[in-house]
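S.K.: Input: one structure, supplied below.
The values are calculated or read from the model by the stated rules, or taken from the named source; none is laboratory data. In this text, all values refer to a predicted model and were calculated from it rather than measured experimentally. When we count neighbours, we look across all protein chains shown, and the Cβ atoms used for this are built from the backbone with ideal geometry, even at glycine. Ligands, DNA and RNA are stripped out before the accessible areas are found, and what is left, the full protein with its side chains, is counted by its heavy atoms. Shrake-Rupley method; radii C 1.70, N 1.55, O 1.52, S 1.80 Å.
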Amino acid sequence: MATYHAASTGNDTTGDGSVGTPYLTFGKAVSVASASDTILGNGGDVFRETVSSGAASQHFGSYGTGLPQINGADLKTSWADASTAGTYDFQWD
């Protein structure tokens, strides 16, 4: 299980998903992540994208201060508490 980071200061081309060199978008992190991997967004950042994944068991959460926002065109309503502070799982449609 790996952890990938996304931040408004990241870069989808030169980033590697680490906390020091994050990706710019959740979409990039999702595209390299496998099932059971974790994708963390930088707290306070706003990600204006629609996120799609074929892996139903990827985990999403935050790092830093605050919570990230994903503002996309698709409304997701099936978030569920994963019993880990700051980490939530949801079922992809």
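S.K.: Hey, can you find the accessible area per residue of the stretch 1-74 for me, probe 1.4 Å, expressed in square angstrom?
M.R.: In whole numbers, the stretch 1-74 has 51 Å² accessible per residue.
S.K.: Go ahead and run the numbers for FRET between Asn71 and Thr13, Cβ-Cβ distance against an R0 of 35 Å, rounding to 0.05.
M.R.: Given R0 = 35 Å and the Cβ-Cβ separation, E is 0.95.
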